[in-house]
Every structure is written in structure tokens, then in C-alpha cells.
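Structure, as C-alpha cells:
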Amino acid sequence: MSAITLHRQSRGEGPALVILHGLYGSGPNWNPQARRLLDRYRVIQPDLRNHGRSPHAEPMDYPAMAEDLRALLDEEALEQAIILGHSMGGKAAMTLALQAPERVRALVVADIAPVPYRHTQGHRQIIDALLALDTAALNSREEADQALANAIPETLVRQFLLTNLVRGAQGYHWRIPLARLRAALPNIEGFPAFAEPYPGPALFIHGGASDYLAPEHEATVHRLFPQARLETLAGAGHWLHVEQPEVFADALESFLQEL
């Protein structure tokens, strides 16, 4: 397995903090949270493989993503970094911490658990709707939004997905490899098996209205991350950092200040 060079933003000065986005996302998704930290941290926001402006590559699984992140730390001349990840990015962050604990100063995981899920059907429906869109015939992003409204009724979800629709010389196209991501959904929903725990400090923040980190997952969290602290954002869903940015930032910064 060979690592790829991830496209990234790197700004600020201080201890390194790497922020990892979720499925269909990209590094800039986290700009509002990153801006709060730039005066105290060197914030690095990569696009994970097959996302954003990073290369498209096989395999699309967590060990490969962790290798990419190790390479990123090497390229940035960092022995260690604080790693924060949301959803798919949280699983990539946990995999790195469990594979190479010496590279992870501390871990922050946003609304995901180190367990396999069964949400594949919903993601398949989303990707199929995006693949069915005739991008070559589009004249505007608004047309795309209207065309997707029946299949994907949530406006905020459509707006997030449409950040991947870009305009080039030949018209609109998707910048992410949708068919590859669809084929990789079992890997993305899964999680590798690990015997040895990550011994460092860890914060798991989850939304009280989300089922991604449920009470039945807590034993697995504590087995693999024995120093884990769990915090709940009451009323928040899976997009907790977007729904409750101030509360999320307070929980994050309180943890970071203890390091």
C-alpha cells in the first residue's frame, strides 16, 4: 500500500492540529472552526483521498487513509500532531492513532464510534442520485439543486453535496469519484479490528440527537481508547460542529487546553 500526497491547507503557528472531514467533504468544510484556533495552533486541513483536490486512488479504506496521514505528518516535518476527525474522518483519525500511536499527541473524534455501521443503503441512494444527474446539461448550480430535491429533500445536505460540483471547460462535473466511493461504502461503513489500545488522551464529542455514537458503543470506545472522555451536545445531530459551533468549539478548546 503506497501513500498519496494529500492536498491541504496549513495555517497558523503553535502545536499542530490536523482536522479530517467526513464522507463527501473536504478540508475547507472546517474553516469556521479552524479560524477560532489559528492564533494558538498550526491547523492543517487535508482533503482525504478521493475527496476535494486530493488524488483519486485505490484502496478506499481506513488503513490506506492512515498511511496517507502518516505521510502528511512526514511531509510537514511533524513527529506528532493532535488529530481531530468527524464521521469518516473520525474513523481515519482513530485508525491512525491505533496503528501509529506515537504520531498522535491527542485524539478528538466527532460523532462516530470505532464500530461498523449499517447505513450503507442511505449512502448508496445519495450516490445514485448524484450519478443520475446529467451534469453536462446543467447551466447552473441552482438547476442541480432543483434536480436533486426529490431524491435528497434536505436542503443543507444538498448544499453540502453540491460543493463537489465544479465547472470546467466542458461544463459541470463531479470532482469526487462517485462510482469508486459507492463501491467502497462497505469499507467506509466498516472499521478495522485492533487488539492494542491507543494510550493517549482522547475526546469523543457526540450529538445527543445522533445515533452514530450510541450507549452500546461506549464499551468499545473505552476498550480501544482507555483515556477517552465522552461529551454529549444535547439536541445536536451528526453535523454537531455545524449545528452547535459555539458549544462544539468550547468542548474542543477545553480539552486542548488540558494537553
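The values are calculated or read from the model by the stated rules, or taken from the named source; none is laboratory data. Remember, predicted model here, so these are calculated numbers, not experimental data. Because the Cβ atoms are built from the backbone with ideal geometry, glycine has one as well, and the counts that use them run over all protein chains shown.
Report, by residue number, each residue of the range 174-200 that is among the aliphatic types (A, V, I, L, M) and assigned to a loop (DSSP other than H, G, I, E, B). Those that are among the aliphatic types (A, V, I, L, M) and assigned to a loop (DSSP other than H, G, I, E, B): I176, A184, A193, A195. A Cβ distance below 6 Å, combined with a sequence gap of six or more or placement on separate chains, defines the contacts here; from the range 116-141, residues that are without any contact (Cβ under 8 Å) to a residue 24 or more places away in the chain and not assigned by TED's automatic domain parsing to the domain that holds L213 reach residues that are part of a helix (DSSP H, G or I) and surrounded by 10 or more Cβ atoms within 10 Å (Cβ to Cβ) in the pairs A129/L148; L133/A147.
All of (1) more than 20 Å from the chain's Cα centre (by Cα); (2) in contact (Cβ under 8 Å) with a residue 40 or more places away in the chain hold for R223 with one exception: (2). Listed by first and then second residue, the pairs with beta-carbon distance under 7 Å, at least 6 apart or on different chains, first residue in the range 229-253 and among the acidic types (D, E), second surrounded by 15 or more Cβ atoms within 10 Å (Cβ to Cβ), are E231/L203; E231/I205; E231/A251; E243/A236; E243/G237. Checking each residue in the range 118-146 for being farther than 10 Å from Y172 by Cα, surrounded by fewer than 14 Cβ atoms within 10 Å (Cβ to Cβ) and polar (S, T, N, Q) picks out Q121, Q125, Q146.
Checking A93, A100 one by one, the residue that is assigned by TED's automatic domain parsing to the domain that holds R40, touching a strand residue (DSSP E or B) at 6+ places or on another chain (Cβ under 6 Å), in contact (Cβ under 8 Å) with a residue 12 or more places away in the chain and closer than 19 Å to L69 by Cα is A93 and no other. Taking (1) free of Cβ contacts under 8 Å to residues at least 40 places away in the same chain; (2) not in a loop (DSSP other than H, G, I, E, B) in turn, F204 satisfies each apart from (1). Scanning the range 216-234 for residues being surrounded by 13 or more Cβ atoms within 10 Å (Cβ to Cβ) and either outside the structural domain of R40 (by TED's automatic domain parsing) or over 21 Å from L96 (Cβ atoms) (or both) gives a total of 4.
Being farther than 19 Å from R118 by Cα, in contact with a Gly (Cβ under 7 Å, 6 or more places away or on another chain) and in contact (Cβ under 8 Å) with a residue 60 or more places away in the chain is the requirement here; does L161 meet it? So L161 does not fit the description; no.
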